[in-house]
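Structure record follows, encoded as structure tokens.
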Amino acid sequence: MSIDYYQKNADTFINDTADVDMSDIHKRFLAYLDHNSRILDAGCGSGRDSRAFINMGYSVDAFDASQEMVNCAKEISGLNVWEMRFEEYESSELYDGIWCCASLLHVRMDDLQDAISRLMKSLKNDGVMYISFKYGNTERVKDGRHFTDLDEKSLQGIVSRFDNLTIESIWLTDDVRPHRDDKWLNAIIKKVGGES
């Protein structure tokens, strides 16, 4: 459902998001990483953040479920971006950081634990993952896209199912796109060792 939306509305989405200033959130995420760290941009969209991390000297891999987004991200970032859904992703302990900006929010609540588990298996011990969700506590469909909204309590509930994950930081931000009044839940989650 959400993939179809991005296939049909890629240009509009890219125009709305490609130039959004994410530098403050980048800084919060990168504060946990060394300069030679390897980052996975999971659900990379237009490739905006992949490009930013590459320009700052980080090694980056990226994937997205939409072929249109993959094509755009390849062009913007210069990466060989993979076309892949969260439920297809498999890897083990490659990355120091995982960036999931407004991507896991399209995963159904019943599938969210599995998606996070798959990502965490690719994160090194003491690595961190940034995630963001629209603020709330519902599942809904809007304009052909599925959204899982989280608040602090629902995010804590998901993270508490993992023995090796801790929430390092959690904060709210306003939507930085013009004419939007959404609130966003942001979090840095750390893998503290052991199996996911």
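Taking the chain as a Gaussian network, where each spring joins two C-alpha atoms under 10 Å apart, which residue of Leu123, Leu94, Leu150 fluctuates the most?
Highest fluctuation of the listed residues: Leu94.
Need one number: % antiparallel among DSSP beta bridges in the range 49-196, to the nearest 5.
Antiparallel bridges make up about 70 percent of those DSSP assigns within the range 49-196.
Between Ser23 and Asp110, how many nm apart are label points set 7 Å from Cα along the C-beta direction?
4.4
How do His35, His146 rank when sorted from fewest to most other Cβ atoms within 10 Å of their own Cβ?
With the fewest neighbours first, His35, His146 line up as His35, His146.
In nm, what is the difference between 0.36 nm times the number of residues separating Lys121 and Arg145 and their Cα-Cα distance?
5.9 nm
Name the residue, out of Ala62, Ala73, Ala115, whose mean-square fluctuation peaks in a Gaussian network model built on the chain with Cα pairs under 10 Å.
Checking each option, the largest mean-square fluctuation is seen for Ala115.
Can you put Trp82, Trp171, Trp184, Trp99 in order, fewest other beta carbons within 10 Å first?
Trp171, Trp82, Trp184, Trp99
Give me the Kirkwood hydrodynamic radius of the range 2-191, using the inverse of the mean 1/r over all pairs of distinct Cα atoms, in Å to one decimal.
Kirkwood radius, the range 2-191: 16.5 Å.
None of the figures in this text is laboratory data; all of them are computed from the coordinates on show. In this text, all values refer to a predicted model and were calculated from it rather than measured experimentally. Cβ: placed from backbone, ideal geometry, glycine included. Neighbour counts: every protein chain shown.
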